[in-house]
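Trainee: Can you read through this structure? Questions will come right after.
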Ligand SMILES: C[S@@+](CC[C@H](N)C(=O)[O-])C[C@H]1O[C@@H](n2cnc3c(N)ncnc32)[C@H](O)[C@@H]1O
């Protein structure tokens, strides 16, 4: 679905409900864009450019990018989460530049650009994972600490939720997800705990799952600075949203649709994502049409981490098409 500020669908926003959980959740979690200054420095949005924000979220990065693009640039704002996209649309109202809001998985970048009538873009921005709004809203089921349904779908129209995986997969399949996507060393014990807990019933809340994970661990691992179910939640979220396959596909497509002199900027939050970015950029650099804009990775400044602790695990990589 595409909504263009210049298109004929302006009424759609009003017709949609506000994000479930209400204005409070929204206000409290207006996502602080991570490494915003760095994104602007490397993308350098200017009038006339076409920029694709493949993970627009609540529109934090997009707003600053759009201000740089005004008046004659164009922003393509993609998110698979309809509620976030609506919030971004509201936030970008009056940004003074043409914006197209597209609800789609970024793995279909090619389809999105074709539908927008765009042959190539000057920059792609990927700020991966979920936003504070999604994390802090208990009904979305991403939070370990708040009681909520086991959902974890970024796109709530998709079919498979965390509930479906946990209550239907075999013990081996669950252990494999926890190991592959969470690098959870106790994957087998946790999978066994899950399968035992669902006998004759089903596991339906985030709190239930967090408790099952804690109980499955050896006693001395139950009390840690980071919640012991963090890896399990990460693994399920990645599996539900097929995040790693999407990223790999999207980066390959972004490279195909990048103008000469254009850049792809990716902010990742865990090693599995960063590995995919690193490998894709390495492959591209071998072609001599691309070069990394800086060696290795860039991280948020200590000041940013202090201001926004959620930025602490961010890693940025940027590549440029030179030929
Ligand atoms: C960290 S947030 C982005 C925040 C945004 N940069 C801002 O400043 O507000 C990541 C967003 O990407 C979206 N997302 C994650 N994977 C996606 C995918 N494969 N396709 C489309 N959107 C995705 C999530 O729904 C979420 O809204």
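The values are calculated or read from the model by the stated rules, or taken from the named source; none is laboratory data. Quick caveat: nothing in here was measured; it's all calculated off a predicted structure. Methodologically, a virtual Cβ is constructed for each residue, glycine included, from the backbone with ideal geometry; neighbour enumeration extends over all protein chains shown.
Trainee: Scan (1) under 24 Å from the mean Cα position of the chain (by Cα); (2) more than 16 Å from the ligand (Cβ to nearest atom); (3) surrounded by fewer than 16 Cβ atoms within 10 Å (Cβ to Cβ); (4) assigned to a helix (DSSP H, G or I) for the single condition residue 215 breaks and write down its number.
Mentor: Failed condition: (1).
Each row is one residue, and each column tells you yes or no for (1) closer than 22 Å to residue 294 by Cβ; (2) without any contact (Cβ under 8 Å) to a residue 12 or more places away in the chain; (3) assigned to a helix (DSSP H, G or I).
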residue: 239; (1), (2), (3): no, no, yes
residue: 247; (1), (2), (3): yes, no, yes
residue: 255; (1), (2), (3): yes, no, yes
residue: 260; (1), (2), (3): yes, no, no
residue: 263; (1), (2), (3): yes, no, no
residue: 267; (1), (2), (3): yes, no, no
residue: 273; (1), (2), (3): yes, no, yes
residue: 276; (1), (2), (3): yes, no, yes
residue: 280; (1), (2), (3): yes, no, yes
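Trainee: Would you confirm whether any residue within region 135-153 is near the ligand (Cβ under 9 Å from one of its atoms) and at pLDDT 95 or above?
Mentor: No, every residue in region 135-153 fails to be near the ligand (Cβ under 9 Å from one of its atoms) and at pLDDT 95 or above.
Trainee: Please specify each residue of region 87-111 satisfying the condition of being more than 18 Å from the chain's Cα centre (by Cα) and not in a loop (DSSP other than H, G, I, E, B).
Mentor: Across region 87-111, the qualifying residues are 90, 91, 98, 99, 100, 110, 111.
Trainee: Would you call residue 124 in contact with a helix residue (DSSP H, G or I) (Cβ under 9 Å, 6 or more places away or on another chain), outside any strand (DSSP E or B), surrounded by 24 or more Cβ atoms within 10 Å (Cβ to Cβ) and at negative phi?
Mentor: no
Trainee: Does residue 294 meet the test of being away from the ligand (no atom under 16 Å from the Cβ) and out of contact with any helix residue (DSSP H, G or I) (no Cβ under 7 Å at 6 or more places or on another chain)?
Mentor: yes
Trainee: Can residue 89 be described as modelled with pLDDT of 95 or more, in the same structural domain as residue 272 (by TED's automatic domain parsing), over 30 Å from residue 166 (Cβ atoms) and surrounded by 20 or more Cβ atoms within 10 Å (Cβ to Cβ)?
Mentor: yes
Trainee: Against the definition (part of a helix (DSSP H, G or I), buried (at least 19 other Cβ atoms within 10 Å of the Cβ) and more than 17 Å from the chain's Cα centre (by Cα)), how does residue 66 come out, yes or no?
Mentor: Spelling it out, residue 66 is indeed part of a helix (DSSP H, G or I), buried (at least 19 other Cβ atoms within 10 Å of the Cβ) and more than 17 Å from the chain's Cα centre (by Cα).
Trainee: With the requirement that a residue be in contact with a helix residue (DSSP H, G or I) (Cβ under 9 Å, 6 or more places away or on another chain) and not in a helix (DSSP H, G or I), what does region 191-204 give you?
Mentor: 198, 202, 203, 204
Trainee: Here's something else I'd like to know. Do we have any residue at all in region 255-267 that's outside the structural domain of residue 56 (by TED's automatic domain parsing), within 12 Å of the ligand (Cβ to nearest atom), closer than 30 Å to residue 159 by Cβ and buried (at least 16 other Cβ atoms within 10 Å of the Cβ)?
Mentor: Checked region 255-267: no residue is outside the structural domain of residue 56 (by TED's automatic domain parsing), within 12 Å of the ligand (Cβ to nearest atom), closer than 30 Å to residue 159 by Cβ and buried (at least 16 other Cβ atoms within 10 Å of the Cβ).
Trainee: Next up: How about region 218-230: which of its residues are farther than 16 Å from residue 178 by Cβ, in a loop (DSSP other than H, G, I, E, B) and modelled with pLDDT of 90 or more?
Mentor: Matches in region 218-230: 222 only.
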